[in-house]
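The values are calculated or read from the model by the stated rules, or taken from the named source; none is laboratory data. The structure presented is a predicted model; accordingly, all values stated were derived computationally and were not measured. Cβ placement follows ideal geometry from the backbone for every residue including glycine, while neighbour counts extend to all protein chains displayed. To get the accessible areas, we keep the full protein, side chains included, count just its heavy atoms, and leave off ligands, DNA and RNA. Shrake-Rupley method; radii C 1.70, N 1.55, O 1.52, S 1.80 Å.
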Amino acid sequence: MNQFTFAPQMMSMGLQRMQFSTDIARVNKGANLLRKAVEKEIKFENENYTQLEDIETFLNESGFTFNEEGNGIKMSLNKSVGDKQIEVHFEARQPLPDEEYPEEEQNEHEEDEERPSENFCDFTVFITESDGKRGLVVDATSMDTSIQYNSIACTEDIENHKTMHRYERAMKAYAGPEFTTLDERIQNAITQMLEGYGIDEHLAAFVECMSLDKDQRLYMQWLGDLKGFVDEE
């Protein structure tokens with residue numbers, strides 16, 4: 001009885017060793033291919049990356065201070081205007097993917113269909129009153145430095161609103177009417193007030209460019225981390 005049960009066990013162990021050996025060889029081969037590809041990509045990105053110009057000029061002229069998460073996607077601009085604290089929150093975003101058309105359709109698409117602008121960014125403005133609790137929450141989108149306001153909410157707990165994504169805020173609290181449905185006089189007055197707080201085309205240009213730049217730097221950091229991993233294989 002023992003003889004017949006022992007042989008299958010030995011065969012099973014042998015197959016496991018063969019499978020294990022095969023998997024390690026495949027891992028090593030894949031790691032070598034990945035290492036070469038990553039090194040090539042790192043070289044390309046380093047040679048083609050250009051740091052944003054005029055960052056300090058914008059910050060000095062606008063009075064904003066810039067903060068960012070080292071390994072995260074979140075960024076902010078902060079400053080004081082009178083007794084109000086102004087914070088602009090925005091995030092890194094990936095560039096739009098290239099759209100490829102068949103060669104015979106390319107000219108037709110170029111004539112009839114414009115490619116969406118690469119210069120856009122969603123951002124939220126928090127204007128906090130001197131008590132540190134009440135304020136306004138302004139959700140906006142910029143495109144080609146033109147700002148479109150989406151909604152303006154009034155809140156008694158602005159710190160809580162800072163912890164939520166704009167879609168979560170819209171589900172949990174009244175975000176105010178759509179900006180474009182407001183009386184034109186109210187729209188103009190709000191726009192003028194926000195420009196006084198520094199929410200203008202210069203800020204729009206900054207967040208549009210920085211959102212892409214941050215994503216690029218995170219990508220380059222990710223490549224380095226990935227290379228570090230495969231180097232240990």
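Listing for the model above:
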{"read-out": "Tabulated pairs, the stretch 50-74, first part of a strand (DSSP E or B), second of a type in the set (Val, Ile, Thr), C-beta under 9 angstrom, 6+ apart or interchain", "value": "Phe66/Ile55"}
{"read-out": "Number of the condition not met by Asn28 [criteria: (1) at pLDDT 90 or above; (2) part of a helix (DSSP H, G or I); (3) surrounded by 10 or more Cβ atoms within 10 Å (Cβ to Cβ)]", "value": "(1)"}
{"read-out": "Pairs with Cβ under 7 Å, 6+ apart, first in the stretch 130-151 and under 12 Å from Thr191 (Cα atoms) and among the aromatic types (Phe, Trp, Tyr), second open to solvent by 40 Å² or more (accessible area, probe 1.4 Å) and assigned to a strand (DSSP E or B)", "value": "none"}
{"read-out": "Out of Ile186, Ile199, sole residue that is farther than 16 Å from Asn78 by Cα and at pLDDT 90 or above", "value": "Ile186"}
{"read-out": "Residue check, Glu53 of a type in the set (Asp, Glu) and at pLDDT below 90", "value": "yes"}
{"read-out": "The stretch 181-203, residues that are touching a residue at least 24 places away in the same chain (Cβ under 8 Å) and under 26 Å from the mean Cα position of the chain (by Cα)", "value": "Thr191, Leu194, Tyr197, Gly198, Ile199, Asp200, Glu201, His202, Leu203"}
{"read-out": "Out of Tyr197, Tyr219, sole residue that is touching a helix residue (DSSP H, G or I) at 6+ places or on another chain (Cβ under 8 Å) and aromatic (Phe, Trp, Tyr)", "value": "Tyr219"}
{"read-out": "Residue within the stretch 137-145 that is more than 17 Å from the chain's Cα centre (by Cα), over 17 Å from Leu77 (Cα atoms) and open to solvent by 60 Å² or more (accessible area, probe 1.4 Å) present", "value": "yes"}
{"read-out": "Near pairs, Cβ below 8 angstrom, 6+ apart or cross-chain, from the stretch 34-49 (more than 20 Å from Asp213 (Cβ to Cβ) and assigned to a helix (DSSP H, G or I)) to any residue that is open to solvent by 90 Å² or more (accessible area, probe 1.4 Å) and of a type in the set (Phe, Trp, Tyr)", "value": "none"}
{"read-out": "Filter result (assigned to a helix (DSSP H, G or I), open to solvent by 40 Å² or more (accessible area, probe 1.4 Å) and not basic (Lys, Arg)) within the stretch 161-186", "value": "Tyr167, Glu168, Ala170, Met171, Thr180, Thr181, Glu184, Ile186"}
